[in-house]
Amino acid sequence: MAREKSGAINMSALTTVTGGTKRNFVDALKILALAVLIAGGLELLLIVSETPEYVFPKPTAIVATLVQDFGALYWPPLWVTIQTFTLGLFIGSTIGLLLAAVLTLRPSVEKIIAPYIVVMVTTPMLALVPFLMLKFGFGITPRVIAVALASGPMVMINSATGFKQVDSNLLALGRSYGASTLQMFTKIRFPYALPMIIVGYMVGAIFGLLTAVGAEMVGGGSGLGNRLVYFSSLVEMPRFGAVLVIVSALGVTFYAIFTLISKRWADWNA
């Protein structure tokens, strides 16, 4: 019997690039039809209830401003948020991956670092943005640090879990062939843990994106978070809703990217 793949939410309709093209096209159409149905139902509800636009914007108004004003109003802040997010994710995930390797190869270090890892995971990094701004100013640096602090622990925890779940028989086989510690890590531990590492990146990306937008709301800048505050202060709710749609689409895009990477390079052990 074929082994059922486990992992994150099934994104095959958006991430499958080979095989089953017709079936995945039909699945994508179903997703689109459901979105249209939900948007249409919400539009009808708002019309029937005579809800003012400043209270809750109609989906058609949100789509209209996205189409008409995307290049002028939404692309510049979107690009700023992408830069903040990607730089913070790169820094945080790199440090997290290195720490996961250290914890795996030096278990005694884990007893010392573990309490601080728990503190980092349970502390909302948005609360640190004002302190970071006092130290590093009003530029991009405080927001990048906040994203790195939010995403790094997720990558580290999942990577360390993957490194520790390697089949002991594989490690014993490597030792029997005289493999060094570095060779066993690069040839056995890392490939075997790759699915968990990608899950760590996936979760870290979501936390990092939310932190990036939140940091822009708290710490200024010109990204999507700042636009949320700006449009809400002017009670321009269609534009506010458009920014929310962009943030959601950005999150789904990064999730789909890491899902695709997992399907391409991390499904070998399934």
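The values are calculated or read from the model by the stated rules, or taken from the named source; none is laboratory data. Given the structure is predicted, the values throughout are model-derived calculations rather than measurements. All Cβ positions, even for glycine, are placed from backbone atoms using ideal geometry, and neighbour counts span all protein chains on display.
Some notes on this structure:
Listed here are the residues, each with its yes/no results for (1) outside the structural domain of PRO238 (by TED's automatic domain parsing); (2) of a type outside the set (Asp, Glu).
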{"residue": "ILE31", "(1), (2)": "yes, yes"}
{"residue": "ALA35", "(1), (2)": "yes, yes"}
{"residue": "ALA39", "(1), (2)": "yes, yes"}
{"residue": "LEU42", "(1), (2)": "yes, yes"}
{"residue": "LEU46", "(1), (2)": "yes, yes"}
{"residue": "ILE62", "(1), (2)": "no, yes"}
{"residue": "LEU66", "(1), (2)": "no, yes"}
{"residue": "ASP69", "(1), (2)": "no, no"}
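- When ILE82, ILE62, ILE95 are screened for being β-branched (Val, Ile, Thr), surrounded by 14 or more Cβ atoms within 10 Å (Cβ to Cβ) and over 30 Å from MET156 (Cα atoms), only ILE62 passes.
- Among helices (runs of 4 or more DSSP H) entirely within the range 184-270, having at least 2 residues that are in contact with a Gly (Cβ under 7 Å, 6 or more places away or on another chain) and buried (at least 20 other Cβ atoms within 10 Å of the Cβ) singles out 190-219, 224-233.
- Matching entry among ILE112, ILE157 (being assigned by TED's automatic domain parsing to the domain that holds GLU216 and touching a residue at least 24 places away in the same chain (Cβ under 8 Å)): ILE157
- Some residue of the range 208-228 being in contact with a Phe, Trp or Tyr (Cβ under 8 Å, 6 or more places away or on another chain), among the basic types (Lys, Arg) and within 30 Å of ALA72 (Cα to Cα): yes
- The listed residue being modelled with pLDDT of 95 or more, assigned by TED's automatic domain parsing to the domain that holds ALA249 and part of a helix (DSSP H, G or I), out of LEU87, LEU99: LEU87
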